Amino acid sequence: MSAATTRSRTPDRLCAEAVDLARGAAEEAAAPGVVGEHAGLVSEGDRVVTHFFACKELGYRGWRWAVTVARASRAKIVTLDEVVLLPGPDALLAPEWVPWSERLRPGDLGPGDLLPTDQDDLRLEPGYTGEEEPPPNSVVSEPVRELAEAEDADVTPGAPAVQPTTPSRGSIAAVAEELGMRRARVLSRYGLHVAADRWEEAFGPKTAMAQAAPATCMTCGFLNPIGGSLGQAFGVCANEFAPADGRVVSLAYGCGGHSEAAVMPKPPQPAPPVIDETRVDPFPLRPARDSGSVPETGDDETAELGHS
């Protein structure tokens, strides 16, 4: 440990005794009556000491007025360095700021609200563009051709209801099982219309949310299509922040959570702060009486106008 480090941890005697100087500076910078008792001191370096005073101002519980004094080498006069209000160990501080994207919860979206999506939202990906489709005259790859020749469909006669319980792969019964056609009954035309009317009333184009939406669900990336004839007019919403998350919605429905409503740009990263320790910029905590646009007048001038 060097001698300079040892000296810096020991408060300078003259600076440590300058409590009245530090209190006067704090009372001049603060409002009247808010500077409390002396709360200790700390050595900042050679002949540099910071005095702490309790703050009695409402709303600043645990804060302290920090007054730094210094003394030049071989000088006996202590001078004022700076006065600032700093939080103490148990100070009441504002909560850490949380971005809106992390504060948002399902159900917060209302009619007319827009929910911007990030350009790199992991819940979305580019749609079909046709770039990966092979040209019409291209030759099918050899592994795919061999797989197509090996698939020999085993056709079993009879209706799907009379097929084996576990149909063999490649049979018509297996295809019917895959398409969901081995049920005893399916929805009738009336049942389809009743369901469509019910879904249209709950999440259709006439709702307040859809009237204020920037676009319909037909162009939304969060829409999950459904099969069957109802898939021509309805789909399932997969946006957790949308009011219709997990619900069957009309293709003409819409909300502010549309994937293309507004793309949120990445927030700019602020530059690191640059601290110039070679100069001091005075910043008064209270404005001067003559700093306004109207000049200050004396009692003699205001007496003529009838003002006290």
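Which order do the peptides 17-30, 270-283, 197-210, 82-95 come out in when sorted by mean C-beta neighbours inside 10 angstrom, highest first?
Ranked by mean Cβ neighbours within 10 Å, highest first: 17-30, 197-210, 82-95, 270-283.
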Could you work out the percent of alpha carbon pairs in region 19-70 separated by over 16 Å, rounded to a whole number? 35
For region 215-235 and region 18-66, write down the distance between their C-alpha centroids in whole Å. 66
Volume per residue, Å³, of the convex hull around the alpha-carbon atoms of region 227-286? 176
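For region 1-109, how big is Rg over Rh, using alpha carbon atoms and the Kirkwood form of Rh?
Answer for region 1-109: 1.20.
We did not get these values from a lab; they are worked out from the coordinates using the rules stated. This is a predicted model, so every value here is computed, not measured. Cβ atoms come from the backbone with ideal geometry, glycine included; neighbour counts cover every protein chain shown.
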